[in-house]
Amino acid sequence: MNIRDIRQEYTLGGMDDSHLNENPFTLFDSWFKEAVNSGINEPSAMALSTVGTDGYPQSRIVLLKGYSEEGFSFFTNYESQKGQALAVNPKASLLFFWPELQRQIRITGDVTKTSKEESDAYFQSRPRGSRLGAWTSAQSQVIPSRDLLEERYTDFDRKYSAGDIPKPPYWGGYRLKPLTFEFWQGRESRLHDRIYFRQEDSSWKAARLAP
Ligand SMILES: Cc1cc2nc3c(=O)[nH]c(=O)nc-3n(C[C@H](O)[C@H](O)[C@H](O)COP(=O)(O)O)c2cc1C
């Protein structure tokens, strides 16, 4: 195997200039639905990149849990690394890569916490194991062993054996309100299509970028 020989030609689609007049949320919506309907694995998985006080970007996958013109929401532990980074620098980027469709979407914007009511409602919709997991895991902290994690899980399982499992106070959602979008469709000979949108004076300005 030679790593240099790993490459693909992209031939599945293209983006004509009519997309320059489209609302980027509408375009996102149609691409997202195509990703879901094409049956690809984890279509809602997106790389969330943040920059904390050390100035280095950090990326990790989180799951998109909702989108509208208000923004793109995901849920996590507010005390995690990403939570700490967003507390000092609430600017982030999201990246979707759907290789089966030869598509990538980049979004940058400003991040705010979702309301407690919204976080509570989403928390309560999660499977019981995930709700116990949120209580069990001090996400991103060093832990002495896997055994300790499993003991904590068993303790919370017992504690909440009957009745509701409340949302931990340190757990909830964020919403990224986009300032820019970039839609990328792979094309032949690396002459890909890239349509970029930027919010200016409360309207969207679009442009085609060189691949
Ligand atoms: C497919 C996939 C989905 C994930 N979804 C989430 C998620 O929705 N929320 C979350 O906090 N972590 C999620 N994770 C785990 C994160 O990638 C990451 O390990 C964790 O949030 C800790 O990140 P941090 O230390 O940078 O805060 C997911 C990981 C994968 C691979």
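For region 50-175, the relative contact order works out to 32 percent when only alpha carbon pairs closer than 8 Å and six or more residues apart are counted. Could you work out how far helix 24-37 tilts from the main Cα principal axis of the chain, as a 0 to 90 degree angle to the nearest 10? On a 0 to 90 degree scale, this one is about 70.
Using a Gaussian network for the chain with springs between C-alpha atoms less than 10 Å apart, which of these wobbles most: I61, I143, I40? So, out of I61, I143, I40, the one fluctuating most is I143. For region 123-173 and region 1-34, compute the distance between their C-alpha centroids and round to whole Å. Cα centres, region 123-173 to region 1-34: 39 Å. Listed cross-link partners K167/K205; K113/K205; K91/K167; K33/K159 are compared with a 32 Å cut-off, the Cα-Cα value being larger for K167/K205; K33/K159. Ranked for footprinting exposure by Cβ neighbours inside 10 Å, fewest first, V36, V51, V142 give V142, V36, V51. Based on the Cβ-Cβ distance from S161 to Q124, what FRET efficiency comes out when R0 is 22 Å, to the nearest 0.05? FRET efficiency, S161 to Q124: 0.80. A simple spin-label model places pseudo-atoms 7 Å from Cα toward Cβ; at A47 and L209 they are separated by 1.3 nm.
Net length available on complete extension from I143 to L179 is 9.2 nm, with 0.36 nm assigned per residue and the Cα-Cα distance removed. Using the Cβ-Cβ distance between S202 and Q84 with R0 set to 22 Å, the FRET efficiency works out to roughly 0.10.
Tell me the relative contact order for region 1-118 as a rounded percent, counting alpha carbon contacts under 8 Å between residues six or more apart.
On the way: 130 pairs, mean separation 25.0, N = 118.
Across region 1-118, relative contact order equals 21 percent.
Subtracting the Cα-Cα distance of E150 and F97 from 0.36 nm times their residue separation leaves 15.8 nm of extension gain. Please identify the GluC sites (Glu not before Pro) of region 54-101 that satisfy two criteria: DSSP loop assignment and at most 14 other Cβ atoms within 10 Å. Which are they? Filter output for region 54-101: E69, E70. In the chain, helices alone account for a calculated mean residue ellipticity at 222 nm of -8000 deg cm²/dmol, with every DSSP H run of four or more residues adding -39,500 (n - 2.57). Loop-located trypsin sites (Lys or Arg not before Pro) in region 1-50 (DSSP state not H, G, I, E or B) with no more than 14 neighbouring Cβ atoms inside 10 Å: R7.
Each value in this text was obtained by applying a stated rule to the coordinates, not by laboratory testing. Note that the structure is predicted; figures quoted are calculated from it, not measured. Heads up, the Cβs are rebuilt from the backbone with ideal geometry, glycines too, and the neighbour counts pull from every protein chain shown.
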